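Below is one structure; the comments refer to it alone.
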Amino acid sequence: MKISSSWLKDHLEHGLSTEDLSALLLKLGFEVAGVERRGPQFSGVVVGRVLAKDKHPNADKLSVCTVDDGAAKWSVVCGAPNVAAGQTVAFARIGAVLPGEFKIKKAKLRGVESQGMICSREELGLSKDVDGIWVMGEGPALGADVGALLGPADDVLEVEATSNRPDCLSHRGLARELAAALGRTLKPLASGVDEALSKALPVSVEDAQACPFYGGRLIEGVKVGESPEWLKGRLESIGLRPVNNVVDVTNFVLHDVGQPLHAFDADRLAGGRILVRRSKAGETFLALDHKSYALPEGLLVIADAERPVALAGVMGGEESSVTEKTTRLVLEGAYFAPSEIRASSQKTRLRSDSSYRFERGADPEAARWAAERAAALILELAGGKAGPLKAEPAVLPAPTTRRIKTSTSRIAAILGADFHADEILATLKRIAAELSGGASEFTFTAPSWRHDLATANDLAEEVGRFLGYDRVPYRLAPLAPQAATTTPVETAARRVRTRLAALGFCEAYNYDLLPEKALTAARLSADGLPRVANPLSEDWALLRPSLLPGLLKNAQHNLSRGADAVRLFELGKAYSLKGGAVVEQWRAAGLLLGPVLDVRWQAARAPRAGFADAKAAVEALLGGAGPVSWERPGTGNAGRWVCDPLFHPANALRAFVAGEAIASVGWLHPRAARAFDLDGEGAVLFELNLERLAAKPAPTAKYAPFSPFPVSRRDLALVVDRSLPYGRLEEALRACAIAELQDALLFDVYEGKGIPDGKKSFAVRLTFGRDDRTLTDAEIAGFTDAVVKALSEKLGAVLRS
């Protein structure tokens, strides 16, 4: 929000420099993000009059003008297409300095001497209004300094107001804060309108809850034209473009006192009446931004007898806007319920300075007097005669009075400071509509513009802001340390996270919201899912029923950026509806695809992640919870889970612990794989119910000491039948009952040259060791021979030569 320092002085003579003003605003909770210096950045420019305009003898697009500056007549060469005799212009004399340190000198242009310069607004560093020179209009005396006419230089502050302080979104609102801080009095506002007309435009309101007050005043005989310099200067100082004297007044009052207003061309209102109603199905609205909007049914609109002419509290319509042809207008002053304006703005994606204030909560009592202030200014600047204010209801409903009963000791205790009772009461009196009582108990009545004051804590904040938080002593609060506790689900989640990370998975974090198209791609239904009432976009419309769609999107993202393999998991909530209420349930989910990266395997022959890997991961997570059994989804007790359509119907299992379904695992369905560009990758998924896992007994951790002595390893290449699975070989190894055999690791499988037909070679690494000493070579050789002999007898294995 832009605040003009000179405009602020119309309401309060604060006597502060820009630096001190910024510091005080920051202390009060309003950060000043930046300061811009505006106003005359030139010297030596005076008011002149073009007495004559002659054609330049040597140039078709130049003219030779005679300019009178009140002291002398000067010959000036000008190239502006709009220069004409009789105009009042900004004339830069010889020696004048324009923005950019450009100094005006006597010069010859195409052989004709030019004794100065007729300036455009742009050349003077002002906002551009037309192409060509600045035609100032009648009024200023010849020779008057243009810089002085524009007023002194002005500092414009970029002030950031918090969302709970809509009362400070204007110059008077901030002046009110400064007056309370400095202990000064605001300047009174001019009020009252000469109601010379008896006519009024009929006004009716269909929904008094949405629009508690609507007032319209008919003004006839207005002459719409250019605004005076003071008004254009005010608007330009805060970055607004002047339009005409009527529209500029409504914009001025908005930024002056914070009340949004709107003016309609009365002759363009069908039926000569105003109706505040709900939009109907199929209605459209052409707004002042020249865009047409299809209005959802049920939005609050201002309508005439035929169509909506404004989206209430948001923006007026182009078809009823005030133009230079307007002679009769209706000036609107209203108060709308914040929730109504917020809904209209969100559903149409249309935002404005007006909606920004209404949706945060305008001052209900300002609607009448701000409209009176605007009407008086219109009569002053555009002429005409005003009728009475036609209001619905005729009297503004009494606001809900917010009274807070508390004491000065309570305020001081909340702040933890020893503020004196008298200064607390004096501070609160400056911002109260009424303050009664004394230090032991007082009643604070909040003014109509302070919607944020409701409790003693709010009053304590006000005292802290105005008296200074730097006066609150720094001391440690009493500390009573308590051991942190975790819920069973948090404990289970921590265990699952640790285990999956140890298995080589990386944790993913996704939003709980997703678009309906993501569910469709995952073959999941959006029916019966919780929906967001007013989503920021369609990508955040639904609460997810499963964690798997997010992981599929993550896998797609990783593969598209060159990843060879993906091992991801996520812990989070899945959502459903039950009896109209949203049900949250903690889940764990994982996804594997691509080669199993391991230095023990050559990359060209590295196996890819498969069903067994995902099933093993689930079994690792369920270890200690009890015996695990498996059934196919949709059969027996397996039932149906929301995530089931994601799995291949012939390659999926449901895990049970103590008769309760607890996890699902399986290959990704081919259709879902194609939708996420994962076809051909062989993705396997699993999802686990964390809440059910948390209810099972947790595994007990046991400590096993490790040996301080080194181990010894021996590699064996064993030729076995091609049909023999490695699992039987490992069972035979364990059956040897050699206590010193600590581990057996398969690191290669080979078929080909040097291996007889129907045979294959297993390369196994055996690890031997003891806890009390180092093994000798003879002992290791004996163990190795015993292993080879046992495998030969049981499986027919022979050492590969």
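Quick check on my filter: what residues within segment 42-80 are of a type in the set (A, V, I, L, M, F, W, C) and open to solvent by 40 Å² or more (accessible area, probe 1.4 Å)?
Within segment 42-80, the first condition is being of a type in the set (A, V, I, L, M, F, W, C), and the residues that meet it are 42, 45-47, 50-52, 59, 62, 64-65, 67, 71-72, 74, 76-78, 80.
Listed by number, the residues that qualify are Leu51, Leu62, Ala71, Trp74.
Here's the yes/no breakdown for (1) without any contact (Cβ under 8 Å) to a residue 12 or more places away in the chain; (2) touching a strand residue (DSSP E or B) at 6+ places or on another chain (Cβ under 7 Å); (3) open to solvent by 10 Å² or more (accessible area, probe 1.4 Å):
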residue	(1), (2), (3)
Gly215	no, yes, no
Val224	no, no, yes
Leu231	no, no, no
Asp248	no, no, no
His262	no, yes, yes
Ala266	no, yes, no
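Test Val83 against the criterion of being assigned to a strand (DSSP E or B) and either of a type in the set (A, V, I, L, M, F, W, C) or open to solvent by less than 60 Å² (accessible area, probe 1.4 Å) (or both), and give yes or no.
Working: assigned to a strand (DSSP E or B): no; either of a type in the set (A, V, I, L, M, F, W, C) or open to solvent by less than 60 Å² (accessible area, probe 1.4 Å) (or both): yes.
Answer is no for this residue.
Taking segment 527-540, which residues are open to solvent by 10 Å² or more (accessible area, probe 1.4 Å) and either modelled with pLDDT of 95 or more or within 27 Å of the chain's Cα centre (by Cα) (or both)? Write out each step before concluding.
Of the residues in segment 527-540, the ones open to solvent by 10 Å² or more (accessible area, probe 1.4 Å) are 527-529, 531-540.
Scanning segment 527-540 gives Leu529, Arg531, Val532, Ala533, Asn534, Pro535, Leu536, Ser537, Glu538, Asp539, Trp540.
The residues in segment 100-146 that are among the aromatic types (Phe, Trp, Tyr) and either touching a residue at least 60 places away in the same chain (Cβ under 8 Å) or buried (at least 20 other Cβ atoms within 10 Å of the Cβ) (or both) can be counted, and the count is 1.
So if I check each of Ala522, Ala484, Ala508, Ala518, which one is small (Gly, Ala, Ser) and surrounded by fewer than 16 Cβ atoms within 10 Å (Cβ to Cβ)? Break it down stepwise before answering.
Details: Ala522 fails: surrounded by fewer than 16 Cβ atoms within 10 Å (Cβ to Cβ); Ala508 fails: surrounded by fewer than 16 Cβ atoms within 10 Å (Cβ to Cβ); Ala518 fails: surrounded by fewer than 16 Cβ atoms within 10 Å (Cβ to Cβ).
Going through Ala522, Ala484, Ala508, Ala518 in turn, the sole match is Ala484.
Selection of first residues in segment 9-30 that are under 20 Å from Glu462 (Cα atoms) and of second residues that are among the hydroxyl-bearing types (Ser, Thr, Tyr) and surrounded by 15 or more Cβ atoms within 10 Å (Cβ to Cβ), restricted to Cβ pairs under 7 Å at least 6 apart or on distinct chains, gives the following pairs, ordered by first then second residue: Leu21/Ser5.
Taken over segment 189-212, residues that are under 21 Å from Asp256 (Cα atoms) and either surrounded by fewer than 20 Cβ atoms within 10 Å (Cβ to Cβ) or under 34 Å from the mean Cα position of the chain (by Cα) (or both) amount to 4. Taking the criterion of being closer than 19 Å to Ser546 by Cβ and in a loop (DSSP other than H, G, I, E, B), the residues of segment 485-508 that qualify are Phe505, Ala508.
Among the numbered conditions (1) in a helix (DSSP H, G or I); (2) among the aliphatic types (A, V, I, L, M); (3) over 14 Å from Val684 (Cα atoms); (4) at pLDDT 75 or above, the only one that Ala625 does not meet is (1).
Within segment 614-640, being under 20 Å from Ala694 (Cα atoms) and either free of Cβ contacts under 8 Å to residues at least 12 places away in the same chain or open to solvent by 40 Å² or more (accessible area, probe 1.4 Å) (or both) holds for Lys615, Ala616, Glu619, Gly624, Pro627, Val628, Ser629, Trp630. Being without any contact (Cβ under 8 Å) to a residue 24 or more places away in the chain and open to solvent by 60 Å² or more (accessible area, probe 1.4 Å) is a property that Leu435 lacks. Of all residues in segment 293-308, those being free of Cβ contacts under 8 Å to residues at least 24 places away in the same chain and loosely packed, with under 12 Cβ neighbours inside 10 Å number 2.
Set side by side, the residues Leu479, Leu453 differ, and just one is touching a Phe, Trp or Tyr at 6+ places or on another chain (Cβ under 9 Å) and not in a helix (DSSP H, G or I), which is Leu453.
Residues that are within 24 Å of Glu365 (Cβ to Cβ), open to solvent by 20 Å² or more (accessible area, probe 1.4 Å), under 35 Å from the mean Cα position of the chain (by Cα) and at pLDDT 95 or above do not occur anywhere in segment 462-470. The single residue among Ser120, Ser127 that is in a loop (DSSP other than H, G, I, E, B) and either farther than 19 Å from Val50 by Cα or of a type in the set (A, V, I, L, M, F, W, C) (or both) turns out to be Ser127. Residue pairs whose Cβ atoms lie under 7 Å apart, separated by 6 or more positions or on different chains, with the first residue in segment 661-690 and under 22 Å from Leu622 (Cα atoms) and the second buried (at least 21 other Cβ atoms within 10 Å of the Cβ) and of a type in the set (S, T, N, Q), are Phe686/Ser664; Glu687/Ser546; Glu687/Ser664.
Restrict the check to segment 5-20 and report whether at least one residue is in a strand (DSSP E or B) and acidic (Asp, Glu). Spell out how you get there, then give the answer.
Keep residues of segment 5-20 that are in a strand (DSSP E or B), which gives none.
Checked against the condition, which is being in a strand (DSSP E or B) and acidic (Asp, Glu), segment 5-20 yields no hits at all.
The single condition among (1) open to solvent by 60 Å² or more (accessible area, probe 1.4 Å); (2) free of Cβ contacts under 8 Å to residues at least 40 places away in the same chain that Ser163 does not satisfy is (2).
Which residues, counting only those in segment 94-117, are assigned to a strand (DSSP E or B) and over 17 Å from Val47 (Cα atoms)? Walk me through it before giving the result.
From segment 94-117, those assigned to a strand (DSSP E or B) are 94-98, 102-103, 107-109, 112-114, 117; that's our starting set.
Residues satisfying the conditions are Phe102, Lys103, Ala107, Lys108, Leu109, Val112, Glu113, Ser114.
Here Ser163 meets each of (1) within 18 Å of Arg357 (Cα to Cα); (2) modelled with pLDDT under 90 with one exception, condition (2). No other residue among Leu791, Leu775 is over 17 Å from Arg722 (Cα atoms), at pLDDT below 95, open to solvent by less than 70 Å² (accessible area, probe 1.4 Å) and in contact with a strand residue (DSSP E or B) (Cβ under 8 Å, 6 or more places away or on another chain) apart from Leu775. Checking each residue in segment 449-461 for being closer than 15 Å to Asp363 by Cβ and open to solvent by less than 20 Å² (accessible area, probe 1.4 Å) picks out Arg450, Leu453. Among residues of segment 719-747 being in contact (Cβ under 8 Å) with a residue 60 or more places away in the chain and not small (Gly, Ala, Ser), the one that is most open to solvent (accessible area, probe 1.4 Å) is Arg728.
Might you check whether a residue that is β-branched (Val, Ile, Thr), surrounded by 17 or more Cβ atoms within 10 Å (Cβ to Cβ) and closer than 30 Å to Asp69 by Cα occurs anywhere in segment 19-41? No, the conditions are met nowhere in segment 19-41.
Within segment 541-571, the set of residues being open to solvent by less than 70 Å² (accessible area, probe 1.4 Å), within 17 Å of Asp512 (Cβ to Cβ) and not aliphatic (A, V, I, L, M) comprises Arg544, Pro545, Ser546, Pro549, Gly550, Asn554, Phe569, Glu570. Phe91 meets each of the listed conditions (1) in a loop (DSSP other than H, G, I, E, B); (2) surrounded by 15 or more Cβ atoms within 10 Å (Cβ to Cβ); (3) under 54 Å from the mean Cα position of the chain (by Cα) apart from (1).
Please go through segment 509-549 and pick out each residue that is in a loop (DSSP other than H, G, I, E, B) and acidic (Asp, Glu). Asp512, Asp527, listed by residue number.
The values are calculated or read from the model by the stated rules, or taken from the named source; none is laboratory data. Because the structure is predicted, anything quoted here is derived from the model rather than measured. Backbone-built Cβ (ideal geometry, glycine too); neighbour counts: all protein chains shown. Keep in mind that these areas ignore ligands, DNA and RNA; they rest on the heavy atoms of the full protein, side chains included. Shrake-Rupley method; radii C 1.70, N 1.55, O 1.52, S 1.80 Å.
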